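Colleague: Questions regarding the structure given below will be posed in turn.
The values are calculated or read from the model by the stated rules, or taken from the named source; none is laboratory data. These numbers were taken from a predicted model, which means no experiment stands behind them. Cβ coordinates were reconstructed from backbone atoms using ideal geometry, including for glycine residues, and neighbour counts include every protein chain displayed. These accessible areas exclude ligands, DNA and RNA; they are computed on the full protein's heavy atoms, side chains included. Shrake-Rupley method; radii C 1.70, N 1.55, O 1.52, S 1.80 Å.
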Amino acid sequence: MYVYDEYDQRIIEDRVKQFRDQTRRYLAGELSEEEFRPLRLQNGLYIQRFAPMLRVAVPYGQLNARQARMLAKIARDYDKGYAHISTRQNVQYNWPALEDIPDILAELATVQMHAIQTSGNCLRNVTTDQFAGVAADELVDPRPWCEIVRQWTTFHPEFAYLPRKFKIAVIGSEHDRAAMRTHDVGLQIVRDAAGQTAFRVFVGGGQGRLPYLAQEIASAVPGEQILAYLTAILRAYNLLGRRDNIHKARIKILVASLGIDAFREEVERHFAALAHEDLRVAEEERARIAAYFQPPVYEALPVVSARLETAKRLNPELARFVRTNLRAHRQDGYAAVVISLKPLDGVPGDITASQMDAVAELAARYSLDEVRAAYEQNLVLPHVKLDDVHALWSALRQAGLATANADLATDIIACPGLDYCSLANARSIPVAQALSRQLADPDHQEAIGPVRINISGCINACGHHHVGHIGVLGVDRKGEEYYQITVGGSPDEQATLGEIVGRSLPADEVAPAIGRVLGRYVQIRREGERFIDTVRRLGADPFRAAIYEVTDAAA
């Protein structure tokens, strides 16, 4: 992983000193709330419903054991003993005291972490596939390019006050595991006609009140020109994006209003006017960054682990965990292991300080000192020997982290909702917990197969309900919480927005309704057909009928 040099370290230490003084002046009454707001946002600090919320950057989702231990320490010393993993691979704390934030940032700086540009109308943390560098289907490891983009975005003077926030995702495979087309800009690494690294560029994605999927603006931007092309996109947006209406300020609205062809012309105009040499990604610089991401030294191991196969035969629960939570690795004898943060009746994405300490220890012992934060609000140990899976699973069980449900129905993505967020209209967590209980039977979950359920507590869509195979949106109806259901969304390379199936339901009817949807799917699917495949084949009507047949009969 990338290691800070002296310049990097000085930047974040200077920012801590700066924010410490700004916080002191605010608490002393020398800065007004209006003056302090942009300063705290630049340092990842929100004011939520009951307390501040601090969002810590985890660039492209990658952590080492030392950093994970620090995250655990902060949860224990400054919060209520837990942290939350977000859909953009960041870590959030929901209960820090404002006066403690400078101390938290100072402790983060000691392990090369920060909260810079995790909020505000700026270029946000760059995200990628949680299996980057180990996925068997990967064309190029995207992490060096994520780091190049990250360094370009940090403290970029021209793009510090954009019309609205701006998010970039980079993938290196045809299969999109980073929800690239829900981002303001998505970058997919491809090969150009000469076989050189290039980028397929998508622009104008975003969810919220008006959801859009990003559209292709360029098919093969040469790698050395990608920062210039991104600059052209940001410059067009900065100049033309609306600043008079917060609901229409995202680049998705600009692209939709102009049309992709007109926006492309605008970008090309800026691209032609740039001083390209100043923005060129030189091969020696790309190689310097890539050197930080060289594959670790793996042992030469057989494809199949006799030790693991024997343990699976003797232990059905271990066998289930292997089926659900292990992912193929490009190196024989290894696997990437998903640590689900979705236990029965749990809060999706939450992890306690003691559990984070356990993950740090297991990463050091079994995963070559690496752990990843995932889009699905889980963690991943990316380099586990198959021979070690049984021992790892036993340790995870002891820590309460061995839930065998990755990518299954109870692996629910959910925002914090009204339990924490000042913007929310409805609670997300109790609905997720009710679904967890409704669908708890592990045999039933495996029989259903892969399905993505996403829950948002308001139209801002932080739970990505628009692209859930089944989406749930909380709405306020005259002071009561109701939930709208969508079917058929997908965040991957076949990205689609879900279709609203009908009227909203009260909270206690959501889990039974989704249970009926999945039951109907099992009845009508074809052999080997995933839930999303069945929806694409038949449309939403069979599932609409399943949702409302009971409630209509009762009425």
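Colleague: Restricting to region 446-459, name every residue that is open to solvent by 10 Å² or more (accessible area, probe 1.4 Å) and either modelled with pLDDT under 95 or not in a loop (DSSP other than H, G, I, E, B) (or both).
Modeller: GLU446, ALA447
This table checks each residue for (1) modelled with pLDDT of 95 or more; (2) part of a helix (DSSP H, G or I); (3) not polar (S, T, N, Q).
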{"site": "LEU187", "(1), (2), (3)": "yes, no, yes"}
{"site": "VAL221", "(1), (2), (3)": "yes, no, yes"}
{"site": "HIS247", "(1), (2), (3)": "no, yes, yes"}
{"site": "ALA256", "(1), (2), (3)": "yes, yes, yes"}
{"site": "ALA262", "(1), (2), (3)": "yes, yes, yes"}
{"site": "GLU266", "(1), (2), (3)": "yes, yes, yes"}
{"site": "ARG269", "(1), (2), (3)": "yes, yes, yes"}
{"site": "GLU277", "(1), (2), (3)": "no, yes, yes"}
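Colleague: Give region 247-287 a look and list any residue that's under 30 Å from the mean Cα position of the chain (by Cα), surrounded by 12 or more Cβ atoms within 10 Å (Cβ to Cβ) and either over 30 Å from TYR212 (Cα atoms) or among the β-branched types (Val, Ile, Thr) (or both), or say none.
Modeller: Within region 247-287, ILE251, ILE253, VAL255, ILE260, VAL267, ARG280, VAL281, GLU285, ARG286 meet the criteria.
Colleague: Something else about it: Looking at ALA232, is it touching a Gly at 6+ places or on another chain (Cβ under 9 Å), of a type outside the set (Asp, Glu), in a helix (DSSP H, G or I) and at pLDDT 95 or above?
Modeller: no
Colleague: Conditions first: (1) open to solvent by 20 Å² or more (accessible area, probe 1.4 Å); (2) in contact with a helix residue (DSSP H, G or I) (Cβ under 9 Å, 6 or more places away or on another chain); (3) not small (Gly, Ala, Ser). THR153 passes all but one, so which condition is the exception?
Modeller: (1)
Colleague: Out of curiosity, is GLN130 within 18 Å of the chain's Cα centre (by Cα) and without any contact (Cβ under 8 Å) to a residue 24 or more places away in the chain?
Modeller: no
Colleague: Same structure, new question: When region 479-510 is examined, which residues are found to be small (Gly, Ala, Ser) and at pLDDT 95 or above?
Modeller: GLY488, GLY489, SER490, ALA495, GLY498, GLY502, SER504, ALA507
Colleague: Against the definition (surrounded by 22 or more Cβ atoms within 10 Å (Cβ to Cβ), at negative phi and among the acidic types (Asp, Glu)), how does ASP244 come out, yes or no?
Modeller: no
Colleague: Now for a different question. Report, ordered by the first and then the second residue, all pairs with beta carbons closer than 6 Å, sequence separation of six or more or different chains, a first member in region 499-510 that is open to solvent by 60 Å² or more (accessible area, probe 1.4 Å), and a second member that is part of a helix (DSSP H, G or I).
Modeller: none
Colleague: Just checking: which of the helices (runs of 4 or more DSSP H) contained wholly in region 302-393 hold 2 or more residues that are open to solvent by less than 20 Å² (accessible area, probe 1.4 Å) and among the small types (Gly, Ala, Ser)?
Modeller: Fully inside region 302-393 and qualifying: 353-366.
Here's the yes/no breakdown for (1) part of a strand (DSSP E or B); (2) surrounded by fewer than 24 Cβ atoms within 10 Å (Cβ to Cβ):
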residue: LEU71; (1), (2): no, no
residue: ARG76; (1), (2): no, yes
residue: VAL111; (1), (2): no, yes
residue: ALA115; (1), (2): no, no
residue: ASN125; (1), (2): no, no
residue: PHE131; (1), (2): no, no
residue: VAL134; (1), (2): no, no
residue: ALA169; (1), (2): yes, no
residue: ARG181; (1), (2): no, no
